[in-house]
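Visitor: Have a look at this one before I ask anything.
Values in this text are rule-based calculations from the coordinates and carry no lab data. Because the structure is predicted, anything quoted here is derived from the model rather than measured. Cβ atoms come from the backbone with ideal geometry, glycine included; neighbour counts cover every protein chain shown.
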Amino acid sequence: MIWRRSLMILATTATASGCAYYNSMWSAERHAKEARRLEQRGRSSEARAEWTQAASKAQIVTLRHPHSRWADDALALRAEALARSGACRDAAEPLAQARTAVRDASRRERVDLAAAECALASGDLVEADAALTAPLASRDADRRSRAEYIAGQVATVRTDYDGAVEHFNRSHVASARRSALVGQQRLRIARARTTTDLTPVVSELTQLLRTEPETDEAAHLLELLTKVMTVAETPAARFPVAEVARDSLHAPALAGELFLDAAARDAGSLYAPKALIAALAVLPDRRDSIVAVLDSRYTESPYARAFHGESSVAYAAAEDSLGRALGVATVRTIAVPTRARFGAPRSGPRGPLP
C-alpha cells in the first residue's frame, strides 16, 4: 500500500509539474501571438507590453524546466520577446544562451532577428548585418519580411536612403510602408541644393501625418525642415541652421549653400571664415574658390590660420565667443600643431540629431 501511495504521489507531482510547464509555455505563446497582432495593427506600445509578458512567461520555463522538450522554444521566445519589447539591455544573456543552445533553423532565425534588433539599438551596424544574413534568406515570409524591415532601419542609420527604401518596400511589416515613404523624402532631402527643393518634401510629410498621425519620424523631420526653411535674421541664427542641414538632415549640398550664404550675408562677422571652412567640408568640388575667398578676406582670422596649420591663441577665444553667441556652454576646440596642415576644422553638432 505504501509503495502504491508513493507512486501515486510521484505521478501526481509529475503531472502537476508538466501542467505548470505547459501552462507557462502556452501563456508565453499567447502573449507573443497577441503582440504580433497588435504590431500589425500599428499599436506598438500595447504590443511591447504583450512582449514583456511573453518574455516573463518564457523565462519561467527556461528556469524551471531547462531540459524539457520545449526548452529551446522557450529560450528563443524569451530572446525574441525581450528584443521586441525594447528591453535589449536585459537580452544579452538570453540571446547568448539561445544562440548557443538552439539548433532548429526556424528558431535560430527568430533569435538572429532579435540579435539584429538589439545590435541596431546599440549602434552596432556590423553585428546587425551579420545577424540578418540568415533571416533575409529565410523561406518563411514573415521572418524574411521582418528582416527586410530591420535591414531598412540599418540602412537609414547609415544614411543609405536608397537601400532603406528598397528594404522597406520588400517588407509587409505594418510600419514598413510609412518608413518607405519617409525614406523617400529623406532621399530627396539628402539631394536638396536649396531650401526651395524642400517645399514638396514638406507637403508629402504633412500629408503623411494627416493619414498616419503616429508617424513620429515624419513629425521629427518636419520639425527639422521648419528650422532650416525659416529665414534666419541674425548671424548667430544662420550658422546653426546650416549645421542642422549638415548634421541632422544629412543634406551636404544644402548645408554647403547655407554656410556660404551665412558667410556672404555677414562677411564682417566672426562667423564668416568659420562658415567658409565648414562649407569646404561639404562642397569639396568648390574648394579652390572658397579657399581663395578665405585667403583674400580673412588672412588674420584665427580660423583661417588654423585652417592653414598655424597655431593661434585667438582660436580658442573665437570658439568661446561663438559658443556664447550660440548659447552653447562649451565648444570643442582643436589643438593646432605648429606648421601642421589638416582638413577644415569643424564644430561638433549643435542641432537636434535623429
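Visitor: Let me know the shape class of segment 19-185, please: from the alpha-carbon gyration tensor, a ≥ b ≥ c as square roots of the eigenvalues, rounded when a/c is under 1.5, otherwise prolate if a/b is greater than b/c, or oblate.
Guide: Prolate.
Visitor: While we're looking at this one, here's another question. For segment 73-149, what is the charge dipole size about the Cα centre, in debye to the nearest 20, if Lys and Arg each add +1 at the Cβ and Asp and Glu each add -1 at the Cβ?
Guide: 200 debye
Visitor: Something else: Provide the per-residue ³J(HN,Hα) series for segment 101-110, in order, calculated from phi with Karplus coefficients 6.51, -1.76, 1.60 and θ = phi - 60°, each as a whole number of Hz, with x at glycine and proline positions.
Guide: Residue by residue, segment 101-110 yields 8, 6, 10, 4, 4, 5, 5, 4, 5, 5 Hz.
Visitor: So what are the ³J(HN,Hα) numbers for segment 246-252, from phi and the Karplus equation (6.51, -1.76, 1.60; θ = phi - 60°), rounded to whole Hz, Gly and Pro as x?
Guide: Per-residue couplings from phi come out as 6, 8, 9, 8, 6, 10, x Hz.
Visitor: For segment 153-196, list residues with backbone N below 11 Å from a point placed 7 Å from the Cα of Gln40 toward its Cβ?
Guide: Output list for this probe position: 173-174.
Visitor: Taking just the alpha-carbon atoms of segment 187-234, what radius of gyration and Dmax come out, in angstrom?
Guide: 11.3, 37
Visitor: Placing unit charges on C-beta atoms (Lys and Arg positive, Asp and Glu negative, everything else neutral), compute the dipole magnitude of segment 19-185 about its Cα centre in debye, rounded to 20.
Guide: 560 debye
Visitor: Which of the listed residues, Val126, Ala101, Leu113, is farthest toward the dipole's positive end in segment 59-181, when Lys, Arg count +1 and Asp, Glu count -1 at the beta-carbon?
Guide: Result: Ala101, furthest along the dipole toward the positive end.
Visitor: Step through the residues of segment 43-51 one at a time and calculate ³J(HN,Hα) from phi using the Karplus curve (6.51 cos²θ - 1.76 cosθ + 1.60, θ = phi - 60°), rounding each to whole Hz and writing x for Gly and Pro.
Guide: Karplus values, whole Hz, x for Gly and Pro: 9, 5, 5, 5, 5, 4, 5, 5, 5.
Visitor: Using the beta-carbon distance between Ser106 and Met229 and R0 = 56 Å, what value does 1/(1 + (r/R0)^6) give for FRET efficiency, to the nearest 0.05?
Guide: With R0 = 56 Å, the Cβ-Cβ based efficiency is 0.70.
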